[in-house]
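A short worksheet on the structure shown next.
The values are calculated or read from the model by the stated rules, or taken from the named source; none is laboratory data. Note that this is a predicted model, so its numbers are computed, not measured. So basically every Cβ, Gly included, is an ideal-geometry build from the backbone, and we count neighbours across all protein chains shown. Areas reflect the complete protein model, heavy atoms only, side chains present, ligands, DNA and RNA absent. Shrake-Rupley method; radii C 1.70, N 1.55, O 1.52, S 1.80 Å.
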Amino acid sequence: MADSGLIVSCPSGADAALHWWRVESGHVVARGQDFTPPSQAARDGDAPVMALVPAADTVIRTLDMGDMSAPQAEAAARYRAADLSIGGDVFVAVRALGRAVDEGGMRVLCATIARATLADHLAELALRGLDPDIILPVGLLLPAAEHRVAATFGDLAAERLGDLVLPPDEALGAVLLGTAAPVSLDSDAREAAMIATLADPPLNLRQGEFARRTPLFALAPGQGRTLAWLFGALLLVSLAIPLLEIGKNYLGADLAERRALASAERHVPGATDVSQAEAQLDAKLAARGTGNSVVSVPMSGLLSAMQPVPGVVIRQADYRPGGIVGAMIAAPRVEDLNAVLIALQNNGYKVTAANRSDATGQAVADITVLAP
């Protein structure tokens, strides 16, 4: 329920002024008549804007829709009110009022207005910088009393008797409302009616195709700060995850190195790091004629890589210090040599190669192979 907001009357024409009332904390604090509402009467935050439509533009009905739920009754009442209206292009706004006290059917309040008229009012208000949240037939500001009631809000007048609402017309009023003089609401009663209706409108023409469009990225007060906090938290989390992974991998690698060094120290006690321990272990294995530094390891790797590739031959080979095998391999095509080199690399061997052609036209590669 809103206890603050702006109430305006729909102007009667493009050059006409509109009446406005500024409500704050349940009291009318300012009023006036201007072409556009002054700055102090502009919309603030969530305070709604309510526009009053002349009584002559709408037809108000309360229909008994029988044993229906509220949504069903509203949908059916739209069609019934449109059928009861004169003219084809009409818009019907509805609101279910609940069941009558005497256990009658679901009652629905309906307001029928020409689509063009409602569109004109919205366009005229938009030209004056207003996009109202609520559009209300002015007659619904009057109480549904058992006697005839009349009031004028700015330049909009209406009369009401029960559920029947009419524009001020002596002849029509005498026929439909009776000959008794209407009771006119004083200024306090009129202001009280506007304040109560702003807080809880009995009906709003801004529904269906005329509903107020909410911007796609509209944020309520305070939501911008919450969104900023969420973005900040998301950024921190997105940065924290890779940092945690890096730290985890670093600690895992460091633990693995320390375990490997501790295991190697049983055979090479003087090693201070993994690289030194690996070099000392390779030297010990080479001295015993074992390990990856012996000629049989890289040579067997070369022969295994050549076996699936027909036409590749070794022309010469030699063993070099550090466990390196140097070889000259030849094949009818360069692709066959590349297949051998790729197989060696895939098996973990370190390979260097220099391709050339010999006098016979065969492809030749001078390679070195080092065991992993």
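Brief remarks follow.
- Residue, farthest from residue 47 (Cα to Cα), within region 217-234, restricted to residues that are at pLDDT below 70 and not aliphatic (A, V, I, L, M): 217
- Counting only residues that are modelled with pLDDT of 70 or more and in a helix (DSSP H, G or I), region 255-269 holds 8 of them.
- Subset of region 168-198 [part of a helix (DSSP H, G or I) and at pLDDT below 90]: 170, 171, 172, 173, 174, 175, 176
- Hey, residue 276 at pLDDT below 70 and either in a helix (DSSP H, G or I) or loosely packed, with under 13 Cβ neighbours inside 10 Å (or both) or not: no
- Any hit, region 46-55, residues being modelled with pLDDT under 85 and more than 22 Å from residue 153 (Cα to Cα): yes
- The requirement of being open to solvent by 70 Å² or more (accessible area, probe 1.4 Å), without any contact (Cβ under 8 Å) to a residue 12 or more places away in the chain and on the phi < 0 side of the Ramachandran plot is fulfilled nowhere in region 52-60; no residue meets it.
- Counting the residues of region 91-142 that are within 36 Å of the chain's Cα centre (by Cα), assigned to a helix (DSSP H, G or I) and crowded, with 16+ Cβ neighbours inside 10 Å gives 6.
- Restricting attention to region 68-90, the residues that are open to solvent by less than 40 Å² (accessible area, probe 1.4 Å) and closer than 17 Å to residue 165 by Cβ total 4.
- One residue stands out among those in region 336-366 that are more than 17 Å from residue 303 (Cα to Cα) and free of Cβ contacts under 8 Å to residues at least 24 places away in the same chain: the one that is surrounded by the most Cβ atoms within 10 Å (Cβ to Cβ), which is 355.
- Complete set of residues in region 184-198 that are free of Cβ contacts under 8 Å to residues at least 24 places away in the same chain and farther than 16 Å from residue 137 by Cα: 186, 187, 188, 192
- Candidates are the residues of region 18-37 that are of a type in the set (A, V, I, L, M) and in contact (Cβ under 8 Å) with a residue 12 or more places away in the chain; the one that is most open to solvent (accessible area, probe 1.4 Å) is 28.
- Test for residue 314: is it surrounded by fewer than 16 Cβ atoms within 10 Å (Cβ to Cβ), modelled with pLDDT of 70 or more and at negative phi: yes
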